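S.K.: Here's a structure for you.
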Amino acid sequence: YRFCALRKSIFRNQIKPICQRFDFSIESFYLCVSIFDFTTSQLLHSREQLITEAMVCLDLASKLKESQLKFARFDSWKKTEFQSLEHFDSLQKQILVQLDFNVNILTPFDWVCAFLDLHRSYTKKSKTSKSKLKSVVSKVLYKSWQEYRLNKFNVFAVALGVMMVSSNIVKCSERFVKVLKRMFSIPKKQVKACYREVLRAIKDGEKSLAF
């Protein structure tokens with residue numbers, strides 16, 4: 001419980017403001033979270049250690065997802081914030097070894113974007129609907145990842161669980177919802193469990209989200 005509380009606090013109070021400061025995309029944020037969850041042990045970590053590890057994960061994510069200009073600004077700031085860059089670089093190498101040097105991890109948000117592109121005809125007719133749905137998905141996913149560690153679920157199950165909650169909020173067409181429900185049969189138990197976790201994470205279901 002202590003680790004989950006620390007994780008929530010770090011990503012809400014440290015990582016998210018940095019992403020906003022440097023205008024990083026939401027893809028960078030979720031990739032940072034995914035790398036962190038894949039590589040960080042829950043044992044023997046102080047708050048300071050976890051903050052440093054989260055920053056290293058953000059550094060890796062921004063290298064992959066952001067423009068050279070944005071990353072250069074972040075890199076320049078990082079050098080002034082961290083006195084021991086040798087430790088920072090050493091930790092980065094350890095994380096890369098754990099990932100087998102494959103930083104391009106598919107996150108639930110990646111699956112959501114791919115699903116929306118493949119099934120754009122099932123969303124409402126206007127382009128605004130797709131952007132609104134993606135915006136709601138981002139908020140639901142961010143809220144649920146703050147409250148619960150969803151990395152025990154398959155990323156595809158997380159994406160579908162979040163999509164089901166989001167489609168209820170946006171009131172997508174019945175046809176679109178049917179497509180989602182049919183996809184539940186892929187990992188049915190896992191998706192249902194993940195869907196329940198997402199609902200629990202946003203407290204009173206969709207009502208607690210301020211859209």
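S.K.: Under the 0.36 nm per residue contour assumption, what length would be gained going from the current alpha-carbon distance of ARG175 and ASP117 to full extension?
M.R.: Length gained, ARG175 through ASP117: 19.3 nm.
S.K.: Spelling out what I want: for every residue of segment 26-34, take phi, set θ = phi - 60°, compute 6.51 cos²θ - 1.76 cosθ + 1.60 (Karplus), and round to whole Hz; glycine and proline get x.
M.R.: So the J values, rounded to whole Hz, are 5, 4, 5, 4, 5, 5, 4, 4, 5.
S.K.: Additional query: Describe numerically, in nm with one decimal, the distance between label points set 7 Å from Cα along Cα→Cβ at LYS79 and at SER67.
M.R.: Going from the LYS79 label point to the SER67 one covers 2.1 nm.
S.K.: How big is the dipole moment of segment 1-67 about its Cα centre under a simple scheme where the beta carbon of each Lys and Arg is +1, that of each Asp and Glu is -1, and everything else is neutral? Debye, nearest 20, please.
M.R.: Taking the Cα centre of segment 1-67 as origin, the dipole is about 280 debye.
S.K.: Over the heavy atoms of SER46, what accessible area does a 1.4 Å probe trace out, to the nearest 10 Å²?
M.R.: Number for this one is 40 Å².
S.K.: With the crude spin-label approximation of a point 7 Å out along Cα→Cβ, what separation in nm comes out for PHE38 versus LEU106?
M.R.: Label at PHE38, label at LEU106, 1.2 nm between them.
S.K.: Can you list the lysines whose alpha carbon is less than 25 Å from that of LYS132, not counting same-chain residues fewer than 8 positions off?
M.R.: The qualifying lysines are LYS16, LYS65, LYS124, LYS143, LYS171, LYS178, LYS181, LYS192, LYS203, LYS207.
S.K.: Put a dot 7 Å past each Cα toward the Cβ at GLN98 and LYS188; how far apart are the dots in nm?
M.R.: In this crude label model, LYS188 to GLN98 measures out at 3.6 nm.
The values are calculated or read from the model by the stated rules, or taken from the named source; none is laboratory data. Quick caveat, the model's predicted, so the values are computed rather than measured. Glycine also receives a Cβ, built like all others from the backbone with ideal geometry; neighbour counts cover every protein chain displayed. The protein model used for the area step is the full one, side chains on, heavy atoms only, and it has no ligands, DNA or RNA in it. Shrake-Rupley method; radii C 1.70, N 1.55, O 1.52, S 1.80 Å.
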